[in-house]
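The values are calculated or read from the model by the stated rules, or taken from the named source; none is laboratory data. Just so it is clear, the model here is predicted, and its values are computed rather than measured. As a convention, Cβ positions derive from the backbone with ideal geometry for all residues, glycine included, and neighbour counts pool all protein chains shown.
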Amino acid sequence: MEITLQEFNETLEALEKGQIRVAEKKDGVWTVNRHIKEVILAGFKLGAVRDMSQGQFSFYDKETFPVRHFTAEDGVRIVPGGSSIRRGAYLAPGSIVMPPAYVNVGAYVGTGTMVDSHVTIGSCAQVGEHIHISASTQIGGVLEPAGAVPTIIEDGAFVGGNCGIYEGTIVEEGAVIASGVIITSSTAIFDATKGEFIKRNAEGRIVVPRNAVVVSGSKPILKDGKPVPSGVHLYCPVIVKYRDDKTAGSITLEDLLR
């Protein structure tokens, strides 16, 4: 069935109100609401490019995807300085956006979460409650294919500065991602506490385990099971421990900032 402009507008309004989500966790498993993604994708065909310039800032985009506007009643702090929230994104009351930052269509940001300066939240990314996405970090978007699970950061996680979490990676509850860590769909993550690489989930996704503390590391290039003579290493995120009371205490400063 062809998607109409009315259905598109109603769907994006429901996304902005948090009444529906692109992806939801049911019985411990993240599932995609495929039709919602299909409606978002249809919006690019339904709209024409228009001049959306505001003041000194020039914007030219599909008329179906203007910048979203907020009021004080929404309960979201968007600090002045050049941030942009695209239509169809949901920011829960109590969330904070520091400038400049960008949140794309279909994204979900939970209550108590801070989106710090120079952060981008990609299309359809799902960011839970009470999370700090630190400065200059990118949470990748996954809009196509429609059935693909987006990038997900679960409740209580902490993502350090200059990180990149991409291509449908799932960061489970309470995990701590140290500054500079990059994770994609092809990244091998080594669990130093167990002496083995973590396995992908049943859907083939890279999953950072609950409460894992991940830092940047490296692994040697192997040939016939032995390191190559050059001594060259490849980048590899490493789980160095699992979060405990001491780790939790080191990031409680964020509660004061809120």
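For the reader, a short list of remarks on this structure follows.
- Test: residue in region 178-194 that is among the hydrophobic types (A, V, I, L, M, F, W, C), part of a loop (DSSP other than H, G, I, E, B) and within 17 Å of the chain's Cα centre (by Cα): yes
- Region 83-139 - residue that is touching a Lys or Arg at 6+ places or on another chain (Cβ under 9 Å), of a type in the set (Val, Ile, Thr) and free of Cβ contacts under 8 Å to residues at least 40 places away in the same chain and, of those, surrounded by the fewest Cβ atoms within 10 Å (Cβ to Cβ): Ile85
- Residue list for region 114-142, filter: within 18 Å of Ser179 (Cβ to Cβ) and assigned to a loop (DSSP other than H, G, I, E, B): Asp116, Ser117, His118, Ile131, Ser134, Ala135, Ser136, Thr137, Gly140
- Restricting region 1-24 to residues that are in contact (Cβ under 8 Å) with a residue 24 or more places away in the chain and among the charged types (D, E, K, R) leaves a set whose member that is surrounded by the fewest Cβ atoms within 10 Å (Cβ to Cβ) is Lys17.
- Among residues of region 27-54 that are buried (at least 18 other Cβ atoms within 10 Å of the Cβ), those with a Cβ under 9 angstrom from a residue that is assigned to a helix (DSSP H, G or I) and hydroxyl-bearing (Ser, Thr, Tyr), sequence gap 6+ or separate chain, pair up as Ile36/Thr11; Val39/Thr11; Ile40/Thr11; Gly43/Thr11.
- Residue in region 203-216 that is nearest to Thr187 (Cα to Cα), counting only those that are surrounded by fewer than 17 Cβ atoms within 10 Å (Cβ to Cβ) and modelled with pLDDT of 95 or more: Ser216
- Qualifying residue in region 77-95 (condition: β-branched (Val, Ile, Thr) and more than 15 Å from the chain's Cα centre (by Cα)): yes
- Enumeration of residues in region 78-98 that are under 18 Å from Arg21 (Cα atoms) and of a type outside the set (A, V, I, L, M): Arg86, Arg87, Gly88, Tyr90, Pro93, Ser95
- Residue in region 101-114 that is farther than 27 Å from Trp30 by Cα and at pLDDT 95 or above present: no
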